Amino acid sequence: MSEFVTRQQVIFVDDDDALRAATVQSLELADIEVRAFADAETALAAIDDAFSGAVVTDIRMPRLDGLEFFARIRAIDPEIPVILITGHADVPMAIGALKGGAFDFLAKPYATDHLIAAVRKALTSRRLILDNRMLRAAAETSVDSPLIGDSPVMAQLRATIVQIARADIDVLVEGETGTGKELAALLLHRKGPRSGRPFVAVDCGALPEGLAEVELFGHDRGAPGYGPIAREGRIEQSHRGTLFLDGIDNMPLAIQSMLLRVVEERKIRPIGASEPRGVDLRIIASSRRDLQEAVRAGEFREDLFYRINVVRLRMPPLRERKTDIPQLFASFVEEATGRMGARDFTLGDAARRHLIEHDWPGNVRELRNFAYSEVLGLDTPALGEGEVPPALPERVAQFEAHAIRDALASAGGDIAATLAFLRIPRKTLYDKIARHGIDPKIYRG
């Protein structure tokens, strides 16, 4: 499920009017939102560091050409994906731009399906980058307890993270999409002895094909084919800090082999370097899959698995901690109303029932998106003068009480059926019933 901040958009730049019109039509037919520009100067005004999409640009253009345009985009945000369109004569130039950080290039004439595939991959990469930034920001603003929830499993998780963090050992974080694996990695970093040092996150699934080695290990000055300026790889950037390998189960086998030396010896050899050099870092890796199953399937190196599996941390899916949903939802609503300038909102019965009944396969990320959707789509009356919206704890309590009353009504007051409906322990239900002053008898008969 895509992050609910804004609809992703592609900026397409080409001074050929016919090609520009045809490309816009092709992208729109593929349900990709696109803004087209005839020149790079005008397009540049539409891009800032919050831009959530990708850029596709021709290289050969008057005044500001595609390579200079790409350089200016990198100055705004080096992680905005840029796809270059080039003629056959300029392919070497485009390959050089790839080494400098361009996302991809297409040589004219290109097939429409190739363009659409490249754009979708770029949009996915950008969404993941922005998701990661959001998680880092959440950790920065909520250092003490960013993993929200009072369920026993979350209390235990937070305690375990603090204990592991102090040990400064490598950790494998496992969990489904949206469970907060990067947030756990950030906490391990911030609560450990490397706090204040670099935290470098690498999305293993988005490493550019054919360029993963230079992205991770960098290259020395004068390395053949890489120009006169040395490039520091992501691993070396994490020296004395933490390297977070997000989605290590998606890492190509060839790169896994190169990574093994880093894990075993804490040494790297940049492209063109004559000797390896040491790095001091902590490695935290995350995986959506059970890596032992990936090993058995021949998709992950067994020796690498045993090297990174020093300590394993499991992130629980939201369906295993449904009692945390009211607090999480209220927190996301608070965040959404603050960002959107809304003063208050009312949760409808259909949305309330969805919160209770849905299994949330996208986990906390899906719940956050749902909260933003509700705040954005709700038409509520303005507060009167002097009125103050309810505080976060009060919103949590209101939602929780509504959820229990709805479940009791659906179950006809039967406690066993209510427990099955809410999926919470009996003692937890009775504690909440007493706290909210709910009488189950009135729902019977």
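For segment 173-199, the set of residues classified as under 21 Å from ILE129 (Cβ atoms) and part of a loop (DSSP other than H, G, I, E, B) consists of GLY175, GLU176, THR177, GLY178, THR179, GLY180, PRO198, listed by residue number.
Taking segment 61-98 as the range and being of a type outside the set (Gly, Ala, Ser), in contact with a Lys or Arg (Cβ under 8 Å, 6 or more places away or on another chain) and part of a helix (DSSP H, G or I) as the test, the residues that pass are HIS88, ASP90. In this structure, is ALA294 touching a helix residue (DSSP H, G or I) at 6+ places or on another chain (Cβ under 6 Å) and at pLDDT 90 or above? Considered against the rule, which asks whether it is touching a helix residue (DSSP H, G or I) at 6+ places or on another chain (Cβ under 6 Å) and at pLDDT 90 or above, ALA294 comes out as yes.
Would you check if ARG368 is open to solvent by less than 40 Å² (accessible area, probe 1.4 Å), in contact with a His (Cβ under 8 Å, 6 or more places away or on another chain) and not in a loop (DSSP other than H, G, I, E, B)? Answer is no for this residue.
The set of residues in segment 418-427 that are in a helix (DSSP H, G or I) and open to solvent by 40 Å² or more (accessible area, probe 1.4 Å) comprises ALA420, PHE421, ARG426, LYS427.
Could you go through segment 324-339 and let me know if any residue there is open to solvent by 70 Å² or more (accessible area, probe 1.4 Å), at pLDDT below 85, out of contact with any helix residue (DSSP H, G or I) (no Cβ under 7 Å at 6 or more places or on another chain) and not basic (Lys, Arg).
Checking segment 324-339: not a single residue is open to solvent by 70 Å² or more (accessible area, probe 1.4 Å), at pLDDT below 85, out of contact with any helix residue (DSSP H, G or I) (no Cβ under 7 Å at 6 or more places or on another chain) and not basic (Lys, Arg).
Taking the conditions (1) more than 28 Å from the chain's Cα centre (by Cα); (2) in a helix (DSSP H, G or I); (3) not aliphatic (A, V, I, L, M) in turn, HIS114 satisfies each one other than (1). Across segment 428-445, the qualifying residues are those that are outside any loop (DSSP other than H, G, I, E, B) and among the charged types (D, E, K, R), and the one among them that is farthest from ASP150 (Cα to Cα) is LYS441.
When segment 269-314 is filtered for residues that are of a type in the set (Gly, Ala, Ser), open to solvent by less than 30 Å² (accessible area, probe 1.4 Å) and closer than 22 Å to THR242 by Cα, the ones remaining, listed by number, are ALA285, SER286, SER287. Taking the condition modelled with pLDDT under 85, open to solvent by 20 Å² or more (accessible area, probe 1.4 Å) and in contact with a strand residue (DSSP E or B) (Cβ under 6 Å, 6 or more places away or on another chain), does LEU135 pass? No, not satisfied.
The values are calculated or read from the model by the stated rules, or taken from the named source; none is laboratory data. Source: prediction; values computed, not measured. Because the Cβ atoms are built from the backbone with ideal geometry, glycine has one as well, and the counts that use them run over all protein chains shown. SASA here: full protein model, heavy atoms, side chains in, ligands and nucleic acids out. Shrake-Rupley method; radii C 1.70, N 1.55, O 1.52, S 1.80 Å.
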